[in-house]
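Beneath this line is the structure, given in structure tokens, with notes to follow.
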Amino acid sequence: MTPIQRKICLIEDDEIMGESLADRFGLEGLGYDWHRTANDALAALRRQDYALVISDIRLPDINGDALFEQLLAEHAKLPPFIFITGQGDIDTAVRLLKQGAQDYITKPFDLDALIEKIQNIATHGYGLGPGGLGHSPAMRQIEAMLQRLAASAASVLITGESGVGKERIAQALHQLTGAGRPFIAVNCGALTESLLEAELFGYEKGAFTGAARTKKGVFEQADGGTLFLDEIGDMPLAMQVRLLRALQERSIVRVGGETPIPIDIRLVCATHKDLQQGIKEGDFREDLYYRINVVQLRIPPLRERTEDILPIARFLLAEIATSSGKAPPALTPAAEHSLMNYRWPGNIRELKNALERASLMSDGRSISYDVLFERPAPPLSAQQDVAGSLRDYLTECERDFILRALDTCHWQMQCCADSLGISRKNLWEKMRKLEIDKGADAE
């Protein structure tokens, strides 16, 4: 097991539950502090650096969600939080995931599954953080940059392939700088030039046929907050001129109007195009490029940060489950393995689409490979491209074969060992060698 150098902060007022967890932590060699109230835990968290926090949501003085939100307001960085919840608090738990909590478990829960979660955190570090950005080195660097940008009003250009989550990055920056203020997003590539002009700057009553009333544009709607212009590379040249003038003068004039209206916004733009190439080809204005590109953030595609795939998938499943009020379905190990090895050309947008479809088609408890990809698991020979050598290839084949057997047997060890024609002890040895973990998501 991966050693955890710092202690676990356990917040649990139920003596039986707390003793059970404390006994297991002791057996696993995990250091811990057990707090019976949120106020005691709050004082400890302010003075001590914990590896992670395991907290019940319902506590006698302050509920776990209020404790978490109070700590978020005080600290830029918190240890990972795992919440213990009953069925009636699942909506609260899902909301906490969106705010940056690592995970939650529902009562009654499997202690083995909780220990696996703790070990995964020790191995892989923090969770996604607010907004579900990711915990890969690249996304941690972007998260750090967002923290620095929070103190500045500089315009930001977010680049990256379609579907990598550029708007989510913009929203994360907005939460750091303008929470409670308006966040307005416009896709510049989805509107014709005339519609885009009216959408950006608004119009006066009678400005054109159908203008039956005065309408504020998104610049006015976003006043005091953030305006996010997605696919800025698709904006027509004539509109680029008007946008540049608005940014230079910090004011806009509605279509059909004459009076300048002052604006106070943070501008965040995004594109999947190479704007410098667009400048060379005459499709994008160089002066506008330098105006919007004070700070550039490149979001790497999902295939370049595979360590983010599973955390993002779990985060998205939690979002998808919010509307139903049910616990998110688990991903079987074979499904997880396949998620990690698929290249996701459509990035997070494609991943979310696949998970939404699979959530509808699954039994509500788990999502298997077949449901996720709408086809049976591939034959082993189709995986040859994954490996760089014969030894790697054979190891990959063995791992996949055991994972599929485990899925078929619903992770019953004796059943799986019998189906493979090996002993239970041999199965455990192979699982340890191949780094196959049971984990909560295999239940």
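Here are a few things to note about the model shown:
- Cα-based reach from LYS430 at 19 Å (exclusive), listing lysines while leaving out same-chain residues under 8 positions away: LYS438
- About the centre of its Cα atoms, the chain shows a dipole size close to 840 debye [charges on the beta carbon of Lys, Arg (+1) and Asp, Glu (-1) only; nearest 20 debye].
- Global form of the stretch 163-242, assessed from the alpha-carbon gyration tensor, a/c cut-off 1.5: oblate
- Counting only DSSP beta bridges whose two residues both lie in the chain, roughly 10 percent are antiparallel.
- Computed over protein heavy atoms with a 1.4 Å probe, the accessible surface of the chain works out to 48 Å² per residue.
- With 21 Å as the limit on Cα-Cα distance, the pairs of LYS98/LYS352; LYS117/LYS433; LYS117/LYS352 that go past it are LYS117/LYS352.
- Listed by chain and number, the lysines whose C-alpha is less than 16 Å from the C-alpha of LYS273, apart from same-chain residues fewer than 8 away, are LYS166.
- Legend note: in the chain, cysteines whose Cβ sits 4.7 Å or more from every other cysteine Cβ are CYS9, CYS188, CYS269, CYS397.
- The Cα atoms of the stretch 98-251 give a gyration tensor whose axes a ≥ b ≥ c have a/c of 1.5 or more with a/b greater than b/c, which makes the shape prolate.
- Leading residue at positive end of dipole, the chain (Cβ point charges), from LEU275, TYR50, LEU302: LEU275
- Dipole magnitude for the stretch 217-323: about 120 debye, using +1 per Lys or Arg Cβ and -1 per Asp or Glu Cβ, origin at the Cα centre.
- For the chain, the carbon plus sulfur part of the accessible surface works out to 49%, probe radius 1.4 Å.
- Computing mean projected area of the Cα convex hull in nm² for the structure here picks out one of (i) 19.2; (ii) 25.8; (iii) 27.6, namely (ii).
- Centroid-to-centroid separation of the stretch 275-293 and the stretch 296-369 [C-alpha atoms, Å]: 35
- For a straight C-alpha distance cut-off of 26 angstrom, the lysines reachable from LYS205 (same-chain residues fewer than eight places away being disregarded) are LYS215, LYS216.
- In the stretch 259-342, Cα pairs under 8 Å separated by at least six residues give a relative contact order of 21 percent.
- Trypsin sites (Lys or Arg not before Pro) lying in DSSP loop within the stretch 194-302, provided at most 12 other Cβ fall within 10 Å: LYS205, ARG213, ARG250
The values are calculated or read from the model by the stated rules, or taken from the named source; none is laboratory data. This one's a predicted model, so the numbers in the text were calculated from it and none came from an experiment. In this analysis, Cβ positions are derived from the backbone assuming ideal geometry, glycine residues included, and neighbour counts consider all displayed protein chains. Heavy atoms of the whole protein, side chains included, go into the accessibility calculation; ligands, DNA and RNA do not. Shrake-Rupley method; radii C 1.70, N 1.55, O 1.52, S 1.80 Å.
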